[in-house]
């Protein structure tokens, strides 16, 4: 494959699967930003529309379905389905609510049902599907979520619509990507995220310890630093996110929200814990529910005073059935919607409240808090709170949404002993606001390009060459820069290729490590293997430093060890190299346990279940020979660099006595975005390769120069060096190290100047 085409294929992006429509085909009632998003989503065919509440997701999904012209099923929360039917009439569409396949008519194309009814449909009859309020995929049980994804995975056109997610909510974003067929959540995590739990863990004395504040249960993930640009570019290729129209350069006219007034009423409650002399703190969800029940009568008095102070419409959000009963009994003009009510009753009651037939609506957040339009009211009260910030936010947005004309008053009525719950919600709210703003800021450039079909700019690629006495340093991509060297000009190459570990050191698609899987990694690696073969003199060698790689459940689907050296051997043999041998480099298992946090090396695992223990991962130097006859013998004994006793030691195939800390200083080369310390090869390992397989005055190549360790040793042993490195910060340190090595090699030894022979 042409190398440029290969690099293009490495870029994470989502291709278009849909159709092209013209702006004039879209209903004129839609605003300009809604028309652009609709046109983009139809072109994509499979997309997510992350628009904040009230920005018109319903119109967008309806026009998406109409213009695709497929038999379409919209799946929505029960409370939203009937509302969507009413909204569709505003743009001259007939959307029919059905509960199963048997209710569908052959000549109609637009249908809507609720999530609880999906088992009653034959999804092979649909060409398009819409998930409305798709964020509930995060909340509903894993079985139902997997069922929805499986039922829809063959449908050509899929659309998800929900409010803007937080950028670090990998669960919600991953569920959407998996439903749309972009990738699995595991693949997304492997590409762009890093397990942050390990950052809070250290190993000492064979035991694992968690730092204060770490997440001991579950998995905590964060974006890799170098992956941020690639992640948001990838996200914008299948999702559009918007908090307000001006986020993408549109006019905010008609979409400026009125004032939101948040009022808190903390009621002094005479609460006495059953198992304590006095109250100290809330000890979990059950304890919180118990407090709500005991403090409800005192809170009800405060609620009655608030609601009776005006004759306007109110929504009262409750969390317990007992609370709902108390509120309904206290207000004769209240209507209640409960989970066990008939679906038709729920839908009709919500519509009646929207039409002003009832003054007070009493319901739970999970019943009426998602997707409903209640701009007819501008007052609400939370009769207590739980720990869910999302439920709190969504409930407020039922009234405080675009097209609301009055300031919205939100009252929170809680007991004083529940104040910590309110503080936790406010902390989450501030965090969510910052994260949503950051999401929009990060994704804006890529979204604008997507909507206008403009290719986003990539990370600049830099090249430079520095040649001084005895060495050449080349900044750039080895796959291309090695082509500048003469064929059969290299006597030996020594290097450690990066492993397939995305966005660890750079965000460049030219980075060999930035490969999504081993197939892509070795396809990229092949370009270098071929060039090194072309450059190497017949009969001469290349030494490749490798190691087995731990297999991780999230990335590989299992926990174990992957045979990376074996794959490298097969890759070299495919390109014409001859496998010549290998040496194992002795490693300290305790040092490896501390460095890698591997549970398999801990004493505690040995005592708990030794079947999960394993030996330390040993470095391997794989040696390959280019076919042909070597015309210049390598003579380390004659050169005084090796004797029989040393050879006996090295010939065992297990190289001992190499210090793991014997490396060049690398801290100056590491950038703030690097996820791992640069891992320079031990100088003792390089020294053995250079002495064994090259003569003084010959040229040693490394296509993965890093900070120049191989060149540093080669120059120090009287060889010439050619080093290629992709990352500019590493290249700068590499040049410094090569200059230092060349200067040291050129400086005469004091004893030599005096004619004194020093024993080896």
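The values are calculated or read from the model by the stated rules, or taken from the named source; none is laboratory data. As the structure is a computational prediction, the values presented were derived from the model and not from experiment. Positions of Cβ are generated from backbone atoms using ideal geometry, with glycine treated the same way; all protein chains shown enter the neighbour counts.
What the table below lists for this structure:
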| quantity | calculated |
| --- | --- |
| Single unsatisfied condition, residue 422 versus (1) out of contact with any strand residue (DSSP E or B) (no Cβ under 7 Å at 6 or more places or on another chain); (2) in a helix (DSSP H, G or I) | (1) |
| Some residue of segment 127-135 being at pLDDT below 95, more than 25 Å from residue 30 (Cα to Cα) and within 33 Å of the chain's Cα centre (by Cα) | no |
| Residue satisfying all of: in segment 397-428; farther than 28 Å from residue 297 by Cα and at pLDDT below 85; surrounded by the most Cβ atoms within 10 Å (Cβ to Cβ) among these | 402 |
| Criterion (in contact with a strand residue (DSSP E or B) (Cβ under 9 Å, 6 or more places away or on another chain), under 27 Å from residue 229 (Cα atoms) and modelled with pLDDT under 95) met by exactly one of 476, 513, 557 | 557 |
| Tally of residues being in a helix (DSSP H, G or I) and out of contact with any helix residue (DSSP H, G or I) (no Cβ under 6 Å at 6 or more places or on another chain) across segment 381-414 | 7 |
| Selection count where residues are within 26 Å of residue 145 (Cα to Cα) and in a helix (DSSP H, G or I), scope segment 67-91 | 9 |
| Residue within segment 2-9 that is at pLDDT 90 or above and touching a strand residue (DSSP E or B) at 6+ places or on another chain (Cβ under 6 Å) present | no |
| Condition check for residue 354: touching a residue at least 12 places away in the same chain (Cβ under 8 Å) and over 37 Å from the mean Cα position of the chain (by Cα) | yes |
| Top-ranked residue in segment 465-513 [being closer than 24 Å to residue 688 by Cβ and in a loop (DSSP other than H, G, I, E, B); ranked as nearest to the chain's Cα centre (by Cα)] | 499 |
| Considering residues of segment 527-581 that are closer than 23 Å to residue 654 by Cβ and over 37 Å from the mean Cα position of the chain (by Cα) only, the residue surrounded by the most Cβ atoms within 10 Å (Cβ to Cβ) | 541 |
| Verdict on residue 417 being touching a strand residue (DSSP E or B) at 6+ places or on another chain (Cβ under 8 Å), in a helix (DSSP H, G or I) and farther than 30 Å from residue 170 by Cα | no |
| Members of segment 59-83 found to be surrounded by 22 or more Cβ atoms within 10 Å (Cβ to Cβ), within 17 Å of residue 158 (Cβ to Cβ) and touching a strand residue (DSSP E or B) at 6+ places or on another chain (Cβ under 8 Å), listed by number | 60, 61, 62, 64, 65, 66, 72, 73, 74, 75, 76 |
| All positions within segment 310-347 that are without any contact (Cβ under 8 Å) to a residue 12 or more places away in the chain and not in a loop (DSSP other than H, G, I, E, B) | 325, 329, 344, 345 |
| Pick from segment 514-526, criterion part of a loop (DSSP other than H, G, I, E, B) and in contact (Cβ under 8 Å) with a residue 40 or more places away in the chain, ranking: surrounded by the fewest Cβ atoms within 10 Å (Cβ to Cβ) | 516 |
| Qualifying residue in segment 652-668 (condition: part of a helix (DSSP H, G or I), modelled with pLDDT of 90 or more and loosely packed, with under 12 Cβ neighbours inside 10 Å) | no |
| Positions within segment 700-713 being over 10 Å from residue 742 (Cβ atoms) and part of a helix (DSSP H, G or I), in sequence order | 709, 710, 713 |
